[in-house]
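Beneath this line is the structure, given in C-alpha cells, with notes to follow.
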C-alpha cells in the first residue's frame with residue numbers, strides 16, 4: 001500500500017471514529033435553524049453534543065491558505081503572444097459588484113498590487129504568476145480590502161500594505177496599532193471589521209463551551225467512559241499507523257514537488273486561461289505595481305450564458321508565483337500614476 005493510500009485509509013477511519021467520540025445520543029433539532037459556530041454553541045448549551053478543541057478548529061485555520069496548488073490554468077498561452085496595443089480595462093462597463101463586463105478584445109490595467117507574504121523582499125521575479133482564488137479564514141476580509149481601497153485613494157499604499165500583512169498574520173483588530181486600526185475602519189465595511197475580531201471572540205467562547213462540557217462530564221460517568229475509551233483507541237491508531245508522521249510526510253512531499261516542478265517550466269509572461277475561456281497574465285514590477293493583461297477571444301463571448309455575461313474582477317483573484325521563493329500578490333484597481 002502506498003504512503004498516500006495508507007494515509008487516506010487512516011484518515012477515513014478517523015472520520016468514522018471521531019463522531020462517536022464527540023456526538024451525544026440526543027437529537028440536535030432545537031438548533032436546526034442555526035449554522036456554523038452559532039449551531040455548535042447552541043448544541044453544546046442544549047446538552048446535545050460534547051465538544052473538544054478539535055470541534056472548534058476552524059478558528060485556527062490559516063488566515064490565508066492560497067498556494068500554487070490552487071492556481072487556475074486549464075490552458076496556457078506562451079509569452080511570445082505579446083500584443084502591443086491594449087485597450088484600458090477601466091473603460092469596460094462594470095457590474096454592481098465592481099466586476100468588469102468583458103467583450104472581445106485585448107485589455108490592460110496598470111495598478112497597485114500588494115504582497116500577501118509578510119517579510120517579503122521586493123525582488124524581481126523571473127517566472128510566471130498564475131491566478132488563484134482567495135482562500136483561508138480571512139479570505140473575505142482580504143478580498144474586501146483589495147476591492148474597497150479603490151474607493152479610498154487618500155489612504156497611502158504603504159498603510160494598506162501594512163494592514164494586509166497584519167491580516168495575513170492573523171492579528172486581531174484590537175491588537176493592531178492605532179493607525180492600522182484607523183486604516184481598517186476607513187476601508188472595510190462593518191461586517192469585515194467584525195471578522196477581524198473573530199479569533200479573539202472565538203477563543204473566549206471556546207473557553208466557555210469547554211467549561212460547560214467539562215462540567216457535564218464530571219456529572220456523567222458513562223459519557224466520561226465513552227470519551228476515555230474512544231480517545232484511547234485514537235491514540236492506539238496513531239501509534240499503529242503513524243498517522244501524524246504520515247500526514248506530515250505527504251504534505252511536505254506534495255508541497256516540495258509542486259513548487260519545484262512548476263517554477264522551472266513556466267516563463268514570465270505566460271497567459272493562464274480563466275473559467276469562461278479568456279486569458280489573464282500578470283507582469284509585476286516588484287510587489288507594489290503590476291500590469292494585468294486580458295485577452296478575450298470571440299469564442300469565449302459566444303460560449304457565455306446570456307443570463308450570466310462574462311466578467312472579471314481582478315481584486316478577487318490572487319496572482320501566485322510559480323517558482324521559489326513563493327509569493328502571493330493581491331491586486332487592486334488603484335491606477336499607478
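Read the figures in this text as sums done on the coordinates, not as results from a lab. Predicted, not measured: the structure shown is a model, and the values here were computed from it. Cβ atoms come from the backbone with ideal geometry, glycine included; neighbour counts cover every protein chain shown.
Treating the range 122-169 as a set of equal point scatterers at the Cα positions, no solvent, please give the Debye-formula log₁₀ I(q)/I(0) at q = 0.31 Å⁻¹.
-1.11
Please express the Cα-Cα pair-distance distribution P(r) of the range 58-157 as a list of whole percents, one per 5 Å bin, running from 0 to the bin with the greatest distance.
P(r) for the range 58-157, in whole percents per bin: 2, 8, 13, 19, 22, 19, 12, 3, 1, 0.
Using the beta-carbon distance between residue 90 and residue 194 and R0 = 35 Å, what value does 1/(1 + (r/R0)^6) give for FRET efficiency, to the nearest 0.05?
Numbers: r = 32 Å, r/R0 = 0.90.
It comes to 0.65.
May I ask you to compute the full-extension gain from residue 288 to residue 150, defined as 0.36 nm times their residue separation minus their alpha-carbon distance, rounded to one decimal in nm? Walk me through the numbers on the way to the answer.
Details: separation 138, 0.36 × 138 = 49.68 nm, distance 1.48 nm.
Length gained, residue 288 through residue 150: 48.2 nm.
What share of Cα pairs, in percent, lie more than 20 angstrom apart in the range 92-203? List each step's numbers first, then the result.
Numbers: 3012 of 6216 pairs.
Within the range 92-203, distances greater than 20 Å cover 48 percent of Cα pairs.
Taking 0.36 nm per residue of sequence separation and subtracting the Cα-Cα distance, how much length would be gained by fully extending the chain between residue 72 and residue 172, in nm to one decimal?
Details: separation 100, 0.36 × 100 = 36.00 nm, distance 3.07 nm.
My answer for the length gained is 32.9 nm.
Please compute the modelled spin-label separation between residue 97 and residue 124, points set 7 Å along Cα→Cβ, answer in nm with one decimal.
Going from the residue 124 label point to the residue 97 one covers 3.8 nm.
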